[in-house]
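Below you'll find the structure, written out as structure tokens, and then a few comments.
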Amino acid sequence: MNHLEMLKIVEQFSRKAEVVEGQIKVTRVPDSKTVYVETIGEIGRSIFMTEYKVDGKTYWAGYSSRSDTVYVSQSSRG
């Protein structure tokens, strides 16, 4: 998934719009996370997040191709 696709998803998420990107799921994780460990079964995988700014707020988001999920965390920095 490229940067523009991720930005579009984060924008939709931040504006509470329904994300319609095929089969991609969007999951919110605790605030200020920059790395999230996705666990499927007994296997964990680190998802490294990238910073995105939308409407003056900062979000961190990362994509897992394994589960087709975008993980989003809001920053406490604003």
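Bear in mind that the values in this text are calculations on the coordinates, not laboratory data. All values reported here derive from a predicted model rather than from experimental measurement. Backbone-built Cβ (ideal geometry, glycine too); neighbour counts: all protein chains shown.
Under the √(5λ) rule applied to the eigenvalues of the Cα gyration tensor, what semi-axes describe the equivalent ellipsoid of the stretch 3-74? Give them in Å, descending. Each step should come with its number before you reach the end.
On the way: eigenvalues 78, 40, 18 Å².
In descending order the semi-axes read 20, 14, 9 Å.
I need the calculated FRET efficiency for the pair Lys16 and Glu42, taking r as the beta carbon distance and R₀ as 25 Å, to the nearest 0.05.
E(calc), rounded to 0.05, equals 0.15.
How much length is gained on full extension from Gln23 to Asp68, taking 0.36 nm per residue of separation minus their Cα-Cα distance?
Working: separation 45, 0.36 × 45 = 16.20 nm, distance 0.70 nm.
15.5 nm is the gain from fully extending Gln23 to Asp68.
Let me know the longest stretch in the chain that avoids all GluC sites (Glu not before Pro) found in a DSSP loop with at most 11 other C-beta atoms within 10 Å. Don't skip to the answer; put the middle values down first.
Values: sites that count: Glu18, Glu42.
Segment 43-78 is the longest.
If you take every DSSP beta bridge fully contained in the stretch 3-74, what fraction is antiparallel? Give it as a percent rounded to 5.
80
Counting alpha carbon pairs within less than 8 Å and at least 6 residues apart, what relative contact order, in whole percent, applies to the stretch 3-74? The partial results should precede the final answer.
Numbers: 114 pairs, mean separation 22.9, N = 72.
Worked out over the stretch 3-74, it gives 32 percent.
Hey, what angle do you get for helix 3-14 against the long axis of the chain, alpha-carbon based, 0 to 90 degrees rounded to 10?
Between helix and principal axis, roughly 70 degrees.
Which of the aspartates and glutamates could be linked to Lys25 by a straight reach, that is with a Cα gap under 20 Å, when you skip same-chain ones fewer than 8 residues away?
Cross-link targets: Glu5, Glu11, Glu38, Glu51, Asp68.
Non-local amide H neighbours of Ser75 (under 5 Å, H modeled in plane, Pro and chain starts lacking H): which ones?
Ser32, Thr58, Tyr59, Trp60
Please identify the trypsin sites (Lys or Arg not before Pro) of the stretch 1-77 that satisfy two criteria: DSSP loop assignment and at most 12 other Cβ atoms within 10 Å. Which are they? Numbers along the way, then the final one.
Values: sites: Lys8, Arg15, Lys16, Lys25, Arg28, Lys33, Arg45, Lys53, Lys57, Arg66, Arg77; in loops: Arg15, Lys16, Lys33, Arg66, Arg77.
Listed in order of number, the matching sites are Arg15, Lys16, Arg66, Arg77.
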